[in-house]
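Data block below; observations after.
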Amino acid sequence: MYDGEAQPARNDGCWCGSGKKYKKCHLSFDERLQALADQGLEVPSRSLLKSAADIEGIKRSAAVNVGALDYVAERIGPDTTTGEIDRWVHDYTVERGAIPAPLDYEGFPKSVCTSVNEVVCHGIPSDDEVLCEGDIVNVDCSTILDGYYSDSSRMFCIGEVDAERERLVQVTKESVEAGLAQVKPWGFVGDVGQAAREVAERAGYSVVREFGGHGIGLDFHEDPFVSFAANAGEGMVLVPGLVFTIEPMVNAGQPDIDMSDSNGWTVRTADGSLTAQWEIQVAVTEDGCEVLCW
Ligand code: MF3
Ligand code: CO
């Protein structure tokens, strides 16, 4: 079939684990995906599609992830160090029997990414980095609970920030919401990317092309790549059970990034302009979508 696996017989149990016969369950779904694949469209393999039990597991993971971000929100302010944020997230997460997904991920040394002002993403928390009145910071939290991954990030404005920074943070949130509005079965990943990008560009900003959202659930980074450089109608077809993140990185200046930091992680805007990001995790459902983590 479309994912290279054998098709079950009509009276076999369905592959989704529902306990129903294949013909009463995913047969017509598979025929629809096969027809799309035959047209040359990119369709998800069945291994990417989450069962109802998977979604419940992801939600339990997300409850910890969201709780950790709420914990940060209650405490962050002028004079907080990003090293303290790392300890808050680490301790909050492990106290609930979960694992901070960034810790040791491909050698990442901390439990959360903290990206301040012109840092686009993957900022490494440090006790030497003190947040000051007027800073904007992205706190990107990812959690593993019972093997299920959740991932979301928020912007925090430290004390009073100037109107331009506030606008960047707000527009970036609206960009995510515009992407979310495109998530429905039989749409395309590119519909999400274009809608999110247009909100940013209409406000005079640009979106980073090298990074984007990603499938997630049973692993940290799964297919599809959710590009914000993509156009409507492009990329993977959205089908019920697909779970991915929407996480545009919006630059106040040019889209280009600088990845030359010797720590191998910290990504900055090439022109030194400010940048912002929000991230949510969403599931495609039978009739639309469900936000799992925000
Ligand atoms: N939430 C980020 C992502 O979507 C987390 C990166 S973790 C790091 O990929 F360890 F790679 F920094
Ligand atoms: Co992510």
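Throughout, read-outs are computed from the coordinates displayed, never taken from laboratory work. Every value quoted in this text rests on a predicted model; they were computed, and no experiment measured them. Note that each Cβ is placed from the backbone with ideal geometry, even for glycine, and that neighbours are counted across all protein chains shown.
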Burial-style ranking of 212-224, 109-121, average other-beta-carbon count within 10 Å with highest first, yields 109-121, 212-224
Under 5 Å from the placed amide H of I257, counting only residues 5+ away or on other chains, we find A270
From DSSP H assignment alone, runs of 4+ in the chain each adding -39500 (n - 2.57), the sum over residues rounded to the nearest 500 puts [θ] at 222 nm at -9500 deg cm²/dmol
Between the residues V139, M259, A195, the Cα farthest towards the positive end of the dipole of the chain, that dipole coming from +1 and -1 charges on the beta-carbon of Lys, Arg, Asp and Glu, is from A195
Residues W278, W186 in order from fewest to most other beta-carbon atoms within 10 Å are W186, W278
Inter-part gap, Cα centre of the stretch 137-204 to Cα centre of the stretch 219-243, in whole angstrom, is 15
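In debye, nearest 20, what is the charge dipole magnitude of the stretch 46-293 about its Cα centre with +1 on Lys and Arg Cβ and -1 on Asp and Glu Cβ, if you could check? All intermediate terms of the calculation are to be shown ahead of the outcome.
Working: 17 positive and 43 negative charges, 132 e Å.
Approximately 640 debye in magnitude.
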For the stretch 1-56, the dipole about the Cα centre with charges only on Cβ (Lys and Arg +1, Asp and Glu -1), to the nearest 20 debye, works out at 360
Expected vector for the stretch 128-139, Karplus 3J(HN,Hα) from phi with 6.51, -1.76, 1.60 and θ = phi - 60°, integer Hz, x for Gly and Pro, equals 8, 9, 9, 6, 10, 2, x, 6, 10, 9, 9, 10
About its Cα centre, the stretch 76-158 carries a charge dipole, from +1 on Lys and Arg Cβ atoms and -1 on Asp and Glu Cβ atoms, whose size in debye to the nearest 20 is 260
Taking S51, S153 and counting other beta carbon atoms within 10 angstrom, the fewest-first order is S51, S153
Using eta = 1.002 mPa s and T = 20 °C, Stokes-Einstein with Kirkwood Rh from Cα pairs puts D for the stretch 179-238, in µm² s⁻¹, at 184
In nm, the gap between the two label points placed 7 Å beyond Cα toward Cβ at N11 and R96 is 4.8
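Compute the signed sum of charges (Lys and Arg +1, Asp and Glu -1) over the other residues within less than 12 Å, Cβ to Cβ, of D3.
Its environment carries a net charge of -3.
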For V120, the residues 5 or more places away or on another chain with a placed amide H closer than 5 Å to its own amide H are V267, R268, T269
Given backbone amide H placed at 1.01 Å from N, residues whose amide H is under 5 Å from that of E42, ignoring those fewer than 5 places away on the same chain, are V237
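Before anything else, pin down the relative contact order of the chain: Cα pairs under 8 Å, at least 6 apart, normalised by residue count, whole percent.
Numbers: 728 pairs, mean separation 54.7, N = 294.
Answer for the chain is 19 percent.
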Hull surface over four for the Cα convex hull of the chain, reported in nm², is 15.3
Expected vector for the stretch 228-233, Karplus 3J(HN,Hα) from phi with 6.51, -1.76, 1.60 and θ = phi - 60°, integer Hz, x for Gly and Pro, equals 9, 9, 6, 10, 3, x
With 0.36 nm assigned to each residue of separation and the Cα-Cα distance removed, Q34 to D70 gains 8.7 nm
Checked against the positive end of the charge dipole of the chain (+1 on Cβ of Lys and Arg, -1 on Cβ of Asp and Glu, about the Cα centre), the farthest of V169, G235, G40 is G40
Length gained, Y105-A52, 0.36 nm per residue minus C-alpha separation, equals 16.3 nm
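Tell me, S45, S61 in order of fewest to most beta-carbon neighbours within 10 Å? Provide the component values of the computation, followed by the final result.
On the way: S45 13, S61 29.
So the ranking, lowest neighbour count to highest, is S45, S61.
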With Cα springs under 10 Å, the Gaussian network model of the chain assigns the largest mean-square fluctuation among E133, E174, E74 to E74
Computed ³J(HN,Hα) along the stretch 212-227: with the Karplus parameters 6.51/-1.76/1.60, θ = phi - 60°, integer Hz and x for glycine or proline, the list is x, x, 7, x, 6, x, 9, 9, 5, 10, 10, 5, x, 7, 9, 7
Neighbours of G17 by Cβ distance under 12 Å: Lys/Arg at +1, Asp/Glu at -1, summed charge +2
Ranked by GNM mean-square fluctuation in the chain (Cα springs under 10 Å), the top entry among D12, D271, D30 is D12
